[in-house]
Amino acid sequence: MSFRKRNADQQPKLPPGSRLSAYNGQLLISTGVPSLDDIMGGGLPVGTVLLIKEDRATTYAQLLLKYFLAQGIASGHHCALASRDEDASELLRNLMWLATSNTNDDDDDHDGAAKSAARSNAEGDRLKIAWRYAHLKKFETGVRQASPSPPPQTPSASVSNTDSKSSTNNNEPRPYCSLFDLTKHIPDSILEESKPTVLDNIDGEDDYETLLENIRKLVLENNFSSAIPAKPNTARNVLRIGIHSLASPSWQSRSSHDLYKFFHSLRGLLRFSFGAAVITIPAYLYDEAPNFVKRVEHMADAVVEVESFAGSKVHNDAPYTQNYHGFFYVHKLPVLNSLLPPSTKLSVLSAGGSNDLAFKLRRKRFAIETFHLPPEGGISERRTEPPPSSSTESKKKQPRRIGCGSTPGKTDPLEF
């Protein structure tokens, strides 16, 4: 049997805006948040369902869903959105968009970095550390943001250019994870060219069954199914499905078991398709029935929870509320083609699940970081008593000891 070299042209190409996992070779797509990608082990595996438990007083879970859809449009993926509580078309129009330059970074972070750099330079002369720690890598609580990528060009713009320029633009790879600016909204022209699908024709007695049937048609008609062989040299794309506030009172169903059937069928459908789903659920509505949410979590591949400090009597007066806006809990991680989740080896933030996580929302970006308590009493207050010096100890008068047969002021040779 002779050895044959593989031809790169005959190998199937990866969909745009995707990569292979370094841990198990699974096809990954980005959630739009670099820190969340790190927690997932590099990204969200294709064919999985990510469940986000909403907070009672804020809409941070909806913000993560917007990040997921905005990254899909920037990567050239096909996006679909379903919502019963809000207008899905309005949610798509309010998506954030790409940052154009490095100056779009958060102003608060720049000010904090400048102050810390100035403070470190001022204390550099009088602060010395051990030589063995001088060349160690600096500990970072977050993940570095991606560099700003140019916005994707619409087909109408590429037609107006020359043939050479249009061919080079089409051959450019799509970004995997982009840097977004929360103060910017997606342009209408880009939103129209991306043609997202709004799953709003949900009518009848069982909304879950109708939504599942619409997703199944979308997968089969647009060549997203991996069970059906595609034609040679056919470029595959990725389907991103977003469902907002599933299992809220606005969703109609015949029984509570319809939601379980929906999750079970959706996960089986996505396992054999180039697609992934992000679903937000108001779990606080089912506090009196915790087993209901537990069964839903069991049917999802990954489960995260956002707990905000807003409206909480326990965390309002805590000193860490100045640096963070809430806790970020990871209840379940996707495990495909492996025994352990990839984050146990690849994640920087979670460190195998041993680190506590928190999130902060600045004016222009959302980030998840490792949670650390601030110094007790602040950095200006001394928390320990200074050690007594030798001079003060010598000045202290020792009590006179008088032993057997000893004279005052002299040591007794019989005392040991």
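The values are calculated or read from the model by the stated rules, or taken from the named source; none is laboratory data. A quick note: this is a predicted structure, and the numbers were derived from the prediction, not measured. Methodologically, a virtual Cβ is constructed for each residue, glycine included, from the backbone with ideal geometry; neighbour enumeration extends over all protein chains shown. Please note that ligands, DNA and RNA were not included when accessible areas were found on the heavy atoms of the full protein model with its side chains. Shrake-Rupley method; radii C 1.70, N 1.55, O 1.52, S 1.80 Å.
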Check: Do you know which of the residues in the range 364-376 that are surrounded by fewer than 19 Cβ atoms within 10 Å (Cβ to Cβ) and touching a strand residue (DSSP E or B) at 6+ places or on another chain (Cβ under 7 Å) is farthest from residue 44 (Cα to Cα)?
Finding: 371
Next item on the list: Kindly indicate which of 99, 70 is within 13 Å of residue 278 (Cβ to Cβ), hydrophobic (A, V, I, L, M, F, W, C) and either open to solvent by less than 10 Å² (accessible area, probe 1.4 Å) or at pLDDT 95 or above (or both).
Entry: 70
Notebook entry, point to check: For residue 348, all conditions in the list (1) closer than 19 Å to residue 36 by Cβ; (2) touching a Pro at 6+ places or on another chain (Cβ under 9 Å); (3) open to solvent by 50 Å² or more (accessible area, probe 1.4 Å) hold save one; what is the number of the exception?
Noted result: (2)
Checklist line | Condition broken by residue 308, with the remaining ones in (1) among the hydroxyl-bearing types (Ser, Thr, Tyr); (2) closer than 15 Å to residue 52 by Cβ; (3) free of Cβ contacts under 8 Å to residues at least 60 places away in the same chain satisfied | finding: (3)
Notebook entry, point to check: Can you name every residue in the range 176-234 that is part of a helix (DSSP H, G or I), acidic (Asp, Glu) and open to solvent by less than 30 Å² (accessible area, probe 1.4 Å)?
Noted result: 207
Margin query: All but one of (1) over 30 Å from residue 309 (Cα atoms); (2) in contact with a helix residue (DSSP H, G or I) (Cβ under 7 Å, 6 or more places away or on another chain); (3) of a type outside the set (S, T, N, Q); (4) at pLDDT below 95 hold for residue 25; state the number of the condition that does not hold.
Written below: (2)
Note to self: I need a count of the residues in the range 259-301 that are under 16 Å from residue 207 (Cα atoms) and open to solvent by 40 Å² or more (accessible area, probe 1.4 Å).
What the structure shows: 3
Check: Restricted to the range 330-340, and to residues that are closer than 18 Å to residue 52 by Cα and open to solvent by less than 60 Å² (accessible area, probe 1.4 Å), which residue is nearest to the chain's Cα centre (by Cα)?
Finding: 330
Next item on the list: May I ask you to verify whether residue 54 is at pLDDT below 95, in contact with a strand residue (DSSP E or B) (Cβ under 7 Å, 6 or more places away or on another chain) and open to solvent by 20 Å² or more (accessible area, probe 1.4 Å)?
Entry: no
